[in-house]
Amino acid sequence: QAVLAHQLSGPKWLEVLLLTALLRDSGRPGIHRFCTSLQTDSPMVSLSRPLARVLLLCGLGSAQAVSVEIDAMKHDIQQITMSNFDGVISKFRDSAVSSLWFFKGDNKADVSFLDEYNKVAADLKGMAKVCAISCTDWPLFCEKQGVKETPAVMIYPTNPMPAFKYEGKMESKGVLAKVARFIPDFTTKVTKENVDGFITTDPTKPKVLLFSNKKTPPTIWKALSSETVFKRTVKFGFVSEDDTDIVQKFKVKKFPTVLMQRGSKAEIKETYSGDMKFTPLKDWVNLHSESGMGDKVAGAGGGKEEESIEDAKPWLVQEVPELTAKSQGDVCFKGEGLCVIYLKEGDITQAETDMLSGLSKKFTSQLSDRGAKMKWMWMNLAIETEYKTLFEPAMLPSAVVFNPHKRLRFTKLDHGEDNEVEGDEQSLTNLLDKVLGGDARFKMVAGQKLPGWAKRDVKKTEL
């Protein structure tokens, strides 16, 4: 007994021998005296887990009650060692947030904290590294990290922010909130002013929009935007329920809703129908993320800010685009078809956009088998004053149908002798029926030269 007690911190085979002897002699009167001596002897400095369990059987407590056991089959916590700390946490400090729980296997407070910490690991699975290390097995490492008592949690934000000790309540809610706070956010707050630029900039990158009844992007959305591959290949936008113009524009009826637009003209639209959880969302986005690879051009210095291959062209994705100096080629004057131009003194409203979009679909269907084509747009005559002089509308809003091919000519909406006919859906329908029926009278553009376009201040939208 004395020899064994003295050798407890020795080679593993001695511990196994002791374990075997104790199990064999369990129930004999001498075992009680032996266990009692083990509780008071001092040579036992560090015990392995198998031997610790034996001592627990000797009356030092129940194994289930005072032992921290992290089981990979039951827990989402990643247990690490001193040897792989750098490979798991330090190596990824540039891109990933991590937390590390320092525990002692026989500490009741750590045993109680196990389930709480595992809730953090489950909720942040795939979004952050939630790890643990045993100070029983790696006391020098814990000492080096300044850990004197357990449970203790260190949080490692992305560089250059330094690691720090969590000081709040040792509960899942507090730890989760603290870790989530440091997950990088590469999402774009999409507004009425930047939505079209967001959709059309970087055409090779899919654009994924979250419509939410929350005011700020949730943790899942931030984590997706900062995922190692996605932050280079996909653009994530966030739209609040309060941005009614955008909600109406995308015809969103419920929250949360996730939409994706992709293609060179953002012509492919898809609505996510799976669970609003990180892993299934990541798998769905990942189906299209590779299309964004290699769409950046580096400057000669190599360290310059990346630039898009082509400038934003918001008119390519607008249902009814505005006719301006920049858009006129794509929208009207190049390509086939007649241009239906809705004339306004100021900005177009969503109701007017919906009306024109509905008419576009109606007449596109009627013309599908006739080989004719109509392109729909609007013009702000408060800015494009030279076109107001050209078209001379009797009242506003109004409309013209412009033929930009061969000979430049147009016909305009008839508001009646007393301007009693408003520029609405019915009068526009009548105008188009006259054009398609061959009854419209077209007026030639003087000198066969378009008026000058207004020069607009270019406001660079920060995306």
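The values are calculated or read from the model by the stated rules, or taken from the named source; none is laboratory data. Please read these numbers as outputs of a predicted model, since none were measured by experiment. When we count neighbours, we look across all protein chains shown, and the Cβ atoms used for this are built from the backbone with ideal geometry, even at glycine. We work out accessible area using only protein heavy atoms, side chains counted, and drop any ligands, DNA or RNA first. Shrake-Rupley method; radii C 1.70, N 1.55, O 1.52, S 1.80 Å.
Laid out as a table, the results:
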{"read-out": "Selection from segment 404-422 of residues that are buried (at least 17 other Cβ atoms within 10 Å of the Cβ), in a loop (DSSP other than H, G, I, E, B) and in contact with a strand residue (DSSP E or B) (Cβ under 9 Å, 6 or more places away or on another chain)", "value": "Pro404, Leu408, Leu413, His415"}
{"read-out": "Any hit, segment 440-447, residues being farther than 13 Å from Cys339 by Cβ and either within 46 Å of the chain's Cα centre (by Cα) or in a helix (DSSP H, G or I) (or both)", "value": "yes"}
{"read-out": "Residues located in segment 100-129, provided they are open to solvent by less than 10 Å² (accessible area, probe 1.4 Å), in contact with a Ser or Thr (Cβ under 6 Å, 6 or more places away or on another chain) and more than 19 Å from Lys148 (Cβ to Cβ)", "value": "Val120"}
{"read-out": "Per-region count, segment 223-234, residues surrounded by fewer than 22 Cβ atoms within 10 Å (Cβ to Cβ) and within 10 Å of the chain's Cα centre (by Cα)", "value": "2"}
{"read-out": "Total residues in segment 373-403, condition among the aromatic types (Phe, Trp, Tyr) and surrounded by fewer than 18 Cβ atoms within 10 Å (Cβ to Cβ)", "value": "0"}
{"read-out": "Filter pass, Gly168 being assigned to a loop (DSSP other than H, G, I, E, B) and closer than 17 Å to Ser112 by Cα", "value": "yes"}
{"read-out": "Among (1) over 17 Å from Tyr387 (Cβ atoms); (2) open to solvent by 30 Å² or more (accessible area, probe 1.4 Å), the one test that Gly337 misses", "value": "(2)"}
{"read-out": "Residue check for Ala454: assigned to a loop (DSSP other than H, G, I, E, B), closer than 15 Å to Cys339 by Cβ and either open to solvent by 20 Å² or more (accessible area, probe 1.4 Å) or not aromatic (Phe, Trp, Tyr) (or both)", "value": "no"}
{"read-out": "Residue in segment 423-439 that is outside any helix (DSSP H, G or I), in contact with a strand residue (DSSP E or B) (Cβ under 8 Å, 6 or more places away or on another chain) and over 22 Å from Gly335 (Cβ atoms) present", "value": "yes"}
{"read-out": "Pairs, first over 24 Å from Asp414 (Cβ atoms) in segment 436-458, second not in a loop (DSSP other than H, G, I, E, B), C-beta under 8 Å, six or more apart", "value": "Gly452/Glu386; Trp453/Gln328; Trp453/Glu386; Ala454/Thr385; Ala454/Glu386"}
{"read-out": "Matching residues, segment 377-396, being in contact (Cβ under 8 Å) with a residue 24 or more places away in the chain and either farther than 22 Å from Arg456 by Cα or among the acidic types (Asp, Glu) (or both)", "value": "Glu384, Glu386, Pro393, Ala394, Met395, Leu396"}
{"read-out": "Residue in segment 185-193 that is open to solvent by less than 70 Å² (accessible area, probe 1.4 Å), of a type outside the set (Asp, Glu), more than 29 Å from Ala96 (Cβ to Cβ) and in a loop (DSSP other than H, G, I, E, B) present", "value": "yes"}
{"read-out": "Subset of segment 143-162 [farther than 19 Å from Ile77 by Cα and part of a loop (DSSP other than H, G, I, E, B)]", "value": "Gln145, Gly146, Val147, Lys148, Glu149, Thr158, Asn159, Pro160, Met161, Pro162"}
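Here's the yes/no breakdown for (1) of a type outside the set (Phe, Trp, Tyr); (2) surrounded by fewer than 17 Cβ atoms within 10 Å (Cβ to Cβ); (3) at negative phi:
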| position | (1), (2), (3) |
| --- | --- |
| Glu149 | yes, yes, yes |
| Asn159 | yes, yes, yes |
| Ala163 | yes, yes, yes |
| Gly168 | yes, yes, yes |
| Ile183 | yes, no, yes |
| Asp196 | yes, no, yes |
| Thr204 | yes, no, yes |
| Phe211 | no, no, yes |
| Lys214 | yes, yes, yes |
